[in-house]
Structure formats: C-alpha cells, structure tokens
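The values are calculated or read from the model by the stated rules, or taken from the named source; none is laboratory data. Model, not experiment: these values are computed from the prediction. Cβ sites come from the backbone with ideal geometry, for glycine too, and all protein chains shown count toward neighbours. Ligands, DNA and RNA are excluded from the accessible area calculation, which covers all protein heavy atoms including side chains. Shrake-Rupley method; radii C 1.70, N 1.55, O 1.52, S 1.80 Å.
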Amino acid sequence: MAFSGALTITDLDDFLTPSQACIIPVRNKPSVTAEEGSSEIQIDSNNNYYEVSTYPTDNAGPGPSTSNAKKALEKAEINLNDCLACSGCITSTESLLITLQSQNEVLQFISSNPTSTDPDAPCHKPRLPILSIAPQTLASLSAAYSSAQLSPPISLLNLLRRIRSFLGRSENGGWKVWDTTFARHMSLRETVAEYHERKDKKEKGKAVELPMLASACPGWVCYAEKAQGDLLHLLSAAKSSQGIIGALAKNWYGHHTNYKPNEIYHVTAMPCYDKKLEASRSDFYSSLYSTKDVDCVLTTGELDLLLQELGFDPYAPVSNENASSLGSNDESPFPEMLTHEGSSSGSYLATIIRDIQINHPNPTKISTREIRGSTDNVEYLIHDTLTGEVLFKGAKVYGFRNLQNLIRKVAKETGIGKAGRSGAGAGKLSLAVAARRRKGKVASGGDTGTSTPTSDAESIASLSLASGEDKKLDFVEVMACPGGCVNGGGQMKPVTASINASAEEEKMDVDEEGYTRPIPDEGTDIADIPIKTSSGLGGVEEGMRWSTKEWVEKVENIYWTGLPTPPPSPPIEASNIDNHSYSQAIISDMNNVNGFKNRHGTDVRSKQADRLVEQVVQDVCGNDSDKRWELMRTRFRKVESDILSQGGVTLEAVKW
C-alpha cells in the first residue's frame, strides 16, 4: 500500500514492513507442564529447529540420568486469516501478500482445470472461472499501455471487452470477465439506506452512530480493527464492491447457471493489496461449500503480468467492442461500466449528497472547503438556500496523514476513544476557535467558500456556511491511499516508452512483481531520486511512494473519459441545484430511451441497474431480511491487542 512517507510511529520502524515479531507462533505455543519441565530451542547445521528439554529423563537400569528429550519442531505456517486476526503488525506488507495470492496461482489453475473439450478430462465437473475487474484497474492498465506504446488511451469499456475476448478462449482458461461497477451500484444503494437508518435513529432519540465512516477501503478497515476498535460501530456495514461481486458470482450467477459455489473459481483484479485480506474475511466464506466468495485477488500489476504471460495484445481490436452497453448481455449478466458521479474511489460521499438533494423539498447549495489546502481532505456542506439550515456535513479523507487527523476529530466530536476522553472540553474549545475564525473572516472580508450573495436566499446560505463549522460530521469517505483508489499500492507504476529506456533504467532493482523500483523497499523515507514519467518529468511526490501526482492525474483522467457514458463525471463542486427541476429532468430522461445521461448524472442505465438490483436481491433472499443482511452487509471485529495494549502504539504516539 502507498502510505504517507511522512508518517512515523513510536516503537515502530515504519508503516510498510512488519517490524514487530509475528505473534501467531507465540499464541500456538503449548504450555509447559510441571512434568515436562523447562526446555530450550536448538538449531542444527541444516537449519532444523528442535525443542530440547533441560529436565533430565531417567534411563532404564542403573547409572546416572544423562539423556534429554529432543523433539523436532514444525515450521509455523501463517496465512491471510492469521494476518487479519493478528495485532502484531499495523498493516500488511506487499511482499508478504504477493507470495500468497498472485498471477502464478491463476496460471496454475488454468493449466490444471479441465475443460469440457479436453478428452482426457476426469469425470468431475470443471470449475467455471470468473474474473471481475475494478474500473480503477482498467484505468491504470490503459494509462500504462498508452505510455508504453505512445498511443492514445484505450477506453475502459473497450479494454474490458478485449480482455474478455482474450481470456475467454479455451486455451487461456475460458473465463467469464466482468467489471465491478454493478456491484458498486449495489454497495452505494445499501450505503445510502444505512445512512438514513442511522439518521432516523438519531431523530428518534436513540443511540447515535454518526458520523458514518465508509468501509470500502480494506486498509482503513484493517487499521481500525487493530488500532481504533472503539470506532468500529461508526463504520458502514455495507459490503464493498468486491464483497458483493463475490456473493453474486458464487450464489446468484452460480444458481442461474447450475454451478455450486465450490464449482466456480472467482478471481478479482483490484488496485489495492489489502483487498487480498478483505477476501479472506470470515463473512465472505461459505462453510457449507468450503469456499470463499473470492478465491484469489490480483493487483493491477499482477493482472498485467498474467496477461503478458498469456500473450495479450491490448491494441488488438475485437468484434462488437463498441456495441451498446445498455443492460446485460450474453457476455455479462450485469450492465457494464456503470458511471457513478463523484470520486474515482467509489463515489460514496457524492451518492449520499445527491440523494439528500433530490429528496429535500427546497433548493439546496453545496459548499466545499479544503482542509489545509489539501485536495485529499475536503469538507462538504449542503445548505437549504431558503432557510439557511445546514442539512448535511460530510468529508472525503484520503491518506493516513489525514486519516489520523480525522480520528482525532471524530473522537472529540463523539467522546469515543482516548482522544475523546482526554480531550474533555475540547468541544467547547472547537466552538471558540470556530467563532474566532468567523470573526476574522468578517473583519478581513475574506472568502467564506461561497460566491458574493446576490439574493436573500444566497445571503442566508452564505451565513450558514460559517455556522457549518459548528456542525458535526455526518458521513466521511475514507481511503488509506493518498489520491484514493487510482493511487492504490497495487496499481501500475509510471511507465516510460520502451524506445527511450536507458541502460541505467535497466540496471534498477526489480521487485517481486517484476517491475523496476527506483528506491529501496525498506523504510518510509522518500528518497530524492527522480522517477522518469511518460512526459519526462521526474520527482517522487510526498505520499506517492511509487508514483507521481502527474501519473495519478493521468489515471484519474482516463478513469472518467474512458467510461461509456459521456460526458465524464467531474468531482463535486460548489453548485446550485433546483431540486424540482432536477427531479423533472430525471423523469424526462427516463422517457427518452436514446438519452444516456442527463446533465446531473442520472441516466437510463442507472435506473435499469436499480431494477436489476431488486431482482437479484429477491432471487437470492426472497423476503428473508436476515438473508438480505448477509448478502449486502458485513461485520467488523475489534482485534484484542497483544502488543498495542502493552504500551505499544496509541493515538498519542503518532508523530509527524
């Protein structure tokens, strides 16, 4: 994962390597009984480990007792479930995860899985291979291909269909290839529903579980479970797109194609290494069929290596690659490449904002404020332009530097955790600071984040912006990586065209994935070593350990322009929306089957997806609310710390 290089923690070497000793072997060590006595570990010349008792054992017959019991020890085996449950490390290292799930495992499956056309195939039914690709992965691959070939970027839909055509060949495994945007659509709908559930509880005077924190980022979830267990009830229970696409592949699609869950081999391609950990969670495992919803997770780089190994040509066109993507088809049971306006990290915040705007009876206005000038830490306010009421306060928080500040803020607002308890009176202090800021802005005539009022309604909204500083957060879109998912640790790195490769570049160190790395793997210091990019610019940006801001911006642009629904969806900006006109535009667009998208991003394909979501949920769950909960939501578990509770890392230990 690409964590901020500036982050250091007391008693830890860095955030990227498992510097603490693994505690799994310690947990599994049997207790010593009085009869056994004490023992010690010895290592022979062949590096074999033995436990030798220091308690003498009597020999048969007369004579002194000289022999000691000697027992060979088995090597401790650690899997992903162990890593997920362990509190010895703050997060997982890339090199460890690469050895557990990689393109080699998929290649081995392809070579060993019998096909129906194989005359030597055994009697058992061959497993059906399915590959689900995240849109961020497609954008990163497209950027890498275009930079390497000095060619225009491939649209995400065309690239998806070319990969599908290539991997669908029998010699390459006969794969079904989907994207994950329909699963993301289901996740977004469930997130909105959960948010309203929590708001209703608050209005009824029940226990408040706000702000709601997005939980689609497994790096953030893993960190929260191990180090911020008191905040887990604030995390959204809605499954991520990977969790939902796994359930759809194994349960819904398998049922419709007469495949049992254990007869399907499901692989996902994701921009993040920690998605491998997410797939190993117990909520995504079927004990009945002894199978996981996602059998293997590949990063973007690993998918690229798999395609290279099989001989994929990304610029070889295929038939019908430009066909309409409306609805499902023979190649995909779900609508392809659905657009969700907002961010390239799932659009969770934007979806909630749009839902509030559509359903609020009065016109609304959005205002934004960057915290300390960072585009990775932005607050959003929704105002009622008639009454001036602040309806909603949300934020997007990307990167661990900003994430730590978020934890402090939430702890102060809710009184949860050590920061909340130690910060008694912090709420009153925050109000006083906010009041001084407002006074200073009024005195200096500074910008409050809104345009100069030209009407009574805008005057009210302008005043309510200042009062928004006093309002507590309602929802936060949290991502561990700076820049969000397009800058995930598993994404493609800046690529230079091969014709410009120099001898110096060829001598660079090669990592576990086969890619050149210009700076060492150990530690979090950002070395002053230039990275050559496609445009010739160099320099490693803070928080972009293997990337640059220029490269991330390129991937971001391809992500939006490469979607099949023009025009591209921009990030949310300060805007005025007449909700009556907005709702009428949606209805009008629904009556226009030739229109793909209206100016606010609601389209025919989205409504078709809504209907399919209801059909899928009904097919899988019927009217059983418990089954629906298991399909759409998940649980989080506080990891009882064996290290952190013994004076290890705490919130106060973080230094910058």
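Using the Cα centre of the stretch 162-244 as the reference point, and only Cβ charges (+1 on K/R, -1 on D/E), how large is the resulting charge dipole? Debye, rounded to the nearest 20. The partial results should precede the final answer.
Numbers: 14 positive and 10 negative charges, 53 e Å.
The dipole of the stretch 162-244 has a size of about 260 debye.
At a 1.4 Å probe radius, which order do S625, S45, S187 fall into by accessible area, largest first? Please report the intermediate quantities before stating the final value.
Working: S625 85, S45 120, S187 0 Å².
Of S625, S45, S187, the descending order of accessible area is S45, S625, S187.
Running Debye on the stretch 183-247 with equal point scatterers at the Cα sites and no solvent, what base-10 log of I(q)/I(0) appears at q = 0.12 Å⁻¹?
For the requested q values the scattering log ratios are -0.33.
Please state the charge dipole magnitude for the stretch 228-364, taken about the Cα centre, from unit charges on C-beta atoms (+1 on K and R, -1 on D and E), reported in debye and rounded to the nearest 20. Each step should come with its number before you reach the end.
Details: 8 positive and 17 negative charges, 100 e Å.
With only Lys, Arg, Asp and Glu charged at Cβ, the dipole is about 480 debye.
Quick query: amide H of M212 versus all other amide H atoms, modeled in the peptide plane; which residues come in under 5 Å with a sequence gap of 5 or more or a different chain?
Answer set, sorted by chain and number: F475, V476.
Taking a virtual spin label 7 Å from the Cα of Q608 along the C-beta vector, which residues in the stretch 172-214 bring their backbone nitrogen under 18 Å of it?
178-186
Mind giving me the nanometre distance, one decimal, between the label points for N113 and E171, set 7 Å out from Cα along Cα→Cβ?
Result: 1.8 nm between the two label points.
Determine the order of S324, S111, S155, S332 by accessible area, beginning with the largest, at a probe radius of 1.4 Å.
On the way: S324 75, S111 95, S155 40, S332 5 Å².
From most accessible down to least: S111, S324, S155, S332.
Quick one: which of K276/K627; K199/K409; K199/K226; K204/K292 span more than 31 angstrom between C-alpha atoms?
Numbers: K276/K627 25 Å; K199/K409 20 Å; K199/K226 27 Å; K204/K292 39 Å.
Too far apart for the 31 Å limit: K204/K292.
With +1 assigned to the C-beta of every Lys and Arg and -1 to the C-beta of every Asp and Glu, and no other charges, what is the dipole magnitude of the stretch 123-267 about the Cα centre in debye, to the nearest 20? Present the calculation step by step, with values, prior to reporting the outcome.
Working: 19 positive and 11 negative charges, 77 e Å.
The calculated dipole for the stretch 123-267 is roughly 360 debye.
When the solvent-accessible surface of protein heavy atoms is calculated with a 1.4 angstrom probe, in what order do C217, C485 fall, highest first? Walk me through the intermediate numbers first.
On the way: C217 10, C485 35 Å².
Descending accessible area places them as C485, C217.
Multiply the residue gap between S625 and D200 by 0.36 nm, knock off their C-alpha separation, and tell me the result in nm, one decimal place.
Working: separation 425, 0.36 × 425 = 153.00 nm, distance 1.89 nm.
Full extension from S625 to D200 adds 151.1 nm.
If r is the Cβ-Cβ distance from A323 to N47 and R0 is 56 Å, what FRET efficiency results, to the nearest 0.05? Intermediate values should be presented prior to the final figure.
On the way: r = 59 Å, r/R0 = 1.05.
So, using R0 = 56 Å, E works out to roughly 0.40.
Just name one of L306, N320, L381: the one whose Cα is farthest towards the positive end of the charge dipole of the stretch 288-383 (beta-carbon charges, Lys/Arg +1, Asp/Glu -1).
Toward the positive end, the furthest listed residue is L381.
Test of understanding: what is the full-extension gain from N557 to D470, defined as 0.36 nm times their sequence separation minus their Cα-Cα distance? Each step should come with its number before you reach the end.
On the way: separation 87, 0.36 × 87 = 31.32 nm, distance 3.52 nm.
This chain segment gains 27.8 nm when fully extended.
Place +1 on the Cβ of every Lys and Arg and -1 on the Cβ of every Asp and Glu in the stretch 266-357, take the dipole about the Cα centre, and give the residue among Y273, A350, S332 whose Cα lies farthest towards its positive end.
A350
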